[in-house]
Amino acid sequence: MMKIIIPICATILLFGACTSRLSKTEPSEEAAKAEPLMLEFEYMDTTADLKEDFYQYCNGTWLKDNPVPNDKSKFSTFNVVDDRIKKRLRLLLLDVSHDPSEPGSDEQILGDFYTSFMDTIRRNDKGVQPLDESRLFEYALSIDNLEGVINVLGFHHPRGVNSIFNFYIEIDEKDNSRYVPYLSQGGLGLPNKAYYFDTDERSIGIREKYKQHMSNVFELLDLSLSKEEIDRIYAIEENLAKFSRSQEENRDNNAKYNPYSVDQLIEEFPNINWKRYFDKIGLTKKDKIIVQQPEFFASLNKLLVQLPIEDWSLYLQWRVLNEYESALTIAVNEEHFDFYSRVMRGRKKMKEDWERAIVKITRSPISEILGKKFVEVKFSAADKEKVNEMVGYITEIFDARIQDLDWMSDETKSKAKTKLASFARKLGFPDKWKSFKGLEICDSNYLKNLVNLSLFQFNDKLKKLNGKIDKTEWYMPPHMVNAYYNPVLNEIVFPAGIMQNPFFDSQYEDAVNYARMGAVIGHELTHGFDDQGSRYGADGNLENWWTTEDSIQFLNKTQKLIDQYNEFEVLDGVFINGKLTLGENIADLGGLTIAYHAYMKSLEGKKKEVIRGFTNEQRFFLAFGQVWKNTIKEDELITRVKTDYHSPGKYRVNGTLANMPEFFQAFDVEEGAGMRQSPEKIAKIW
Ligand SMILES: [Zn+2]
């Protein structure tokens, strides 16, 4: 077993010095000031039975006191941090939008984009003029044959309108020294296939409201369509949905890797004029194209000639409106909110303009400029160093646990350890900032800005296709309260946004930092070994490194998690999808287990303390239970169960802990209790 190095950092010594004062049940005000930050004891509901519902025990009072605000569909720890960060971002945006800056500079781009969003009066006055100028709608309107449809696709796709199918350029999953074009199913206005076919009352209602929404948007733009015309648009989406893979089927990355040459595309899907399409979008390097769902393109190939061209024209018009409706007049924007936020997510009122602007920027290619501004004012190098150390210790614990696994052969273990040792890490913000040279953004035309952003990003990717892989690139901006694992570069990434209280704080006692930031680190590391991540090797390529026997063992173990989560009923008749959430559930269980053992190791040679009646182990689990607290609208919860790869917060806590003997021991949870799976059901994977 590898030797584990334990940190003896200033923080622990400092806290060690003042813990004696904490044992008092009612600390004096002076003593309270010196208390290291710990759990939020005031959020707990100690009347709840922790052995039946630990989540309620950790958070009951907070849950009661924090109903979802009207402008949100969910309120969680993530929102608390995000709201705090947004207030700061707003000031930064006010600065850059008021100060004149050099044309083409990051500041000018960010400031003018913000101004163009905020000037809702001008946007309203302009009406459909920006849409007319973009010619997106006009092209969709004026087609009279199949070639016309292909021309429109070639015009829409680089401009952010994902009509019929998706095209994008990313790292080649089986040869990660290069980029490659991908073709993928797409073209829907509802979140995924299930929305078109589920037979429950709510789903039927959503489909009716979606058609009404289409009709309303056309009407608000003085383009009234008949009910029959709306039905024809909807029928195309329904067909595309029928050919599509379900969201859980689409998690299978091996099944999505189907390399084609242009000749093969032409042979198998001849009704799509591929040469014309690739010419239109400007694709020159096309020796290999990955088709993610060949059966989708085979069915599409037939559908293209079965339906009248007028139907395709109507559909393509709708795709433009659907993509850009929130950028048009105030009335259309409200209609967009009404369907996508009120109906789908139970949100009562729109967020304020400035907040929506930040959401929009954060999801756009220029999010990194905002993130750069953020870390200039709010980032601690000391915090980064401490998190970096935690990643190191947690990785060592993970390595030791792989070595000790009782179900894996030495052969696979050795590969797993090599992979773990090869993880790259990115902390805080990128080493190299993206350049936006050549991007044109003005302060007076929001829709044009959106189209320019799409075009800029599309062309940037086209340029990349001929070059080397950029390993410095980030797929999340630094101010985002989140983290990710990227299997194709075998890297874990933690933006500055998540290295914040209550996820991480150098003033916290270690039980809390390990239970929160530590569990996040463990979670992302475990993604490299979840049901999908485990299919990528140490160098990031999609390739099998498992013996057959070990693969079978792994499948049996993960099946236990699928079965467990399938049984969780989040609302009457609404169950978690164990397959859809499998990767995240594996990562939650592995991540917390590793973080727990890293924390235990860090306590070696130190005196354990009972604080306010809780042992170190108990405080660790309580701190974890608290980080996932959230209140959520029913509509949002149902939408998430159908679309989100993560289980709802309550089950990320209770579902995970019910598999952990470490937890049973910490709180004397006996067999038969709700918070303890029966021995044959327990999943012990990593
Ligand atoms: Zn995850």
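The values are calculated or read from the model by the stated rules, or taken from the named source; none is laboratory data. Quick caveat: nothing in here was measured; it's all calculated off a predicted structure. Reconstructed Cβ throughout: ideal geometry from the backbone, glycine too, with neighbour counts over all protein chains shown. Accessible surface areas use protein heavy atoms only, side chains included; no ligands, DNA or RNA. Shrake-Rupley method; radii C 1.70, N 1.55, O 1.52, S 1.80 Å.
What to note about this one:
- Residue 493 vs. criteria more than 16 Å from the ligand (Cβ to nearest atom), under 30 Å from residue 104 (Cα atoms), outside any loop (DSSP other than H, G, I, E, B) and β-branched (Val, Ile, Thr): no
Here's the yes/no breakdown for (1) outside any helix (DSSP H, G or I); (2) over 28 Å from residue 588 (Cβ atoms):
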residue	(1), (2)
337	no, yes
385	no, no
390	no, no
398	no, no
402	no, no
408	yes, no
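- Selected residue [part of a helix (DSSP H, G or I), in the same structural domain as residue 85 (by TED's automatic domain parsing) and of a type in the set (S, T, N, Q)] from 513, 449: 513
- Subset of segment 451-483 [within 16 Å of the ligand (Cβ to nearest atom) and surrounded by 17 or more Cβ atoms within 10 Å (Cβ to Cβ)]: 476, 480, 481, 483
- Any pair with Cβ under 6 angstrom, 6 or more apart, that starts in segment 647-661 at a residue that is more than 10 Å from residue 54 (Cβ to Cβ) and ends at one that is β-branched (Val, Ile, Thr): 647/576; 647/581; 648/570; 659/682
- Residue in segment 103-121 that is under 23 Å from residue 350 (Cβ atoms) and not in a helix (DSSP H, G or I) present: yes
- All of 22, 92, 50 fail the test of being modelled with pLDDT of 95 or more and either in a helix (DSSP H, G or I) or open to solvent by 80 Å² or more (accessible area, probe 1.4 Å) (or both), apart from 92.
- Any hit, segment 541-550, residues being β-branched (Val, Ile, Thr) and more than 22 Å from the chain's Cα centre (by Cα): yes
- Single residue of 568, 554 found to be closer than 16 Å to residue 646 by Cα and away from the ligand (no atom under 16 Å from the Cβ): 568
- Any hit, segment 394-401, residues being within 16 Å of the ligand (Cβ to nearest atom) and modelled with pLDDT of 95 or more: yes
- Test for residue 45: is it surrounded by fewer than 19 Cβ atoms within 10 Å (Cβ to Cβ), modelled with pLDDT of 95 or more and not polar (S, T, N, Q): yes
- Residue ID - surrounded by the most Cβ atoms within 10 Å (Cβ to Cβ), chosen from residues in segment 523-537 that are more than 17 Å from the chain's Cα centre (by Cα) and either within 11 Å of the ligand (Cβ to nearest atom) or not aromatic (Phe, Trp, Tyr) (or both): 534
- In segment 295-335, the residues that are among the basic types (Lys, Arg) and not in a helix (DSSP H, G or I): none
- Only residues that are open to solvent by 60 Å² or more (accessible area, probe 1.4 Å) and either aliphatic (A, V, I, L, M) or outside any helix (DSSP H, G or I) (or both) were counted in segment 276-285, giving 2.
- Index of the failed condition, residue 504 passing every other in (1) part of a loop (DSSP other than H, G, I, E, B); (2) open to solvent by less than 10 Å² (accessible area, probe 1.4 Å); (3) more than 12 Å from residue 387 (Cβ to Cβ): (3)
- Checking each residue in segment 73-122 for being over 20 Å from residue 369 (Cβ atoms) and not assigned by TED's automatic domain parsing to the domain that holds residue 58 picks out 120, 121, 122.
- Residues of segment 255-275 satisfying the condition of being open to solvent by 30 Å² or more (accessible area, probe 1.4 Å), out of contact with any strand residue (DSSP E or B) (no Cβ under 7 Å at 6 or more places or on another chain) and outside any helix (DSSP H, G or I): 255, 256, 261, 270, 271, 273
- Meets criteria (of a type outside the set (Phe, Trp, Tyr) and modelled with pLDDT under 95) for residue 174: no
- Filter result (touching a Lys or Arg at 6+ places or on another chain (Cβ under 8 Å) and within 16 Å of the ligand (Cβ to nearest atom)) within segment 496-518: 503
- Of everything listed in (1) in contact (Cβ under 8 Å) with a residue 40 or more places away in the chain; (2) open to solvent by 10 Å² or more (accessible area, probe 1.4 Å); (3) not β-branched (Val, Ile, Thr), the single unmet condition for residue 518 is (2).
- Residue list for segment 555-588, filter: outside any helix (DSSP H, G or I) and in contact (Cβ under 8 Å) with a residue 24 or more places away in the chain: 568, 570, 571, 573, 574, 575, 576, 577, 579, 580, 581
- Sole exception among (1) within 30 Å of residue 113 (Cα to Cα); (2) crowded, with 19+ Cβ neighbours inside 10 Å; (3) at pLDDT below 95 for residue 373, by number: (3)
- Meets criteria (among the charged types (D, E, K, R), at pLDDT 95 or above and open to solvent by less than 50 Å² (accessible area, probe 1.4 Å)) for residue 338: no
- Restricting the search to helices (runs of 4 or more DSSP H) fully inside segment 126-239 and requiring at least 2 residues that are within 23 Å of residue 278 (Cα to Cα) and open to solvent by 30 Å² or more (accessible area, probe 1.4 Å) gives 136-141, 146-156.
- Residue in segment 628-686 that is most open to solvent (accessible area, probe 1.4 Å), counting only those that are within 16 Å of the ligand (Cβ to nearest atom) and in a helix (DSSP H, G or I): 640
- Qualifying residue in segment 57-65 (condition: open to solvent by 20 Å² or more (accessible area, probe 1.4 Å) and closer than 30 Å to residue 313 by Cβ): no
- Restricting attention to segment 580-625, the residues that are open to solvent by 10 Å² or more (accessible area, probe 1.4 Å), out of contact with any Lys or Arg (no Cβ under 8 Å at 6 or more places or on another chain) and away from the ligand (no atom under 16 Å from the Cβ) total 16.
- Listed by first and then second residue, the pairs with beta-carbon distance under 8 Å, at least 6 apart or on different chains, first residue in segment 55-67 and in a loop (DSSP other than H, G, I, E, B), second of a type in the set (A, V, I, L, M, F, W, C), are 66/75; 67/75.
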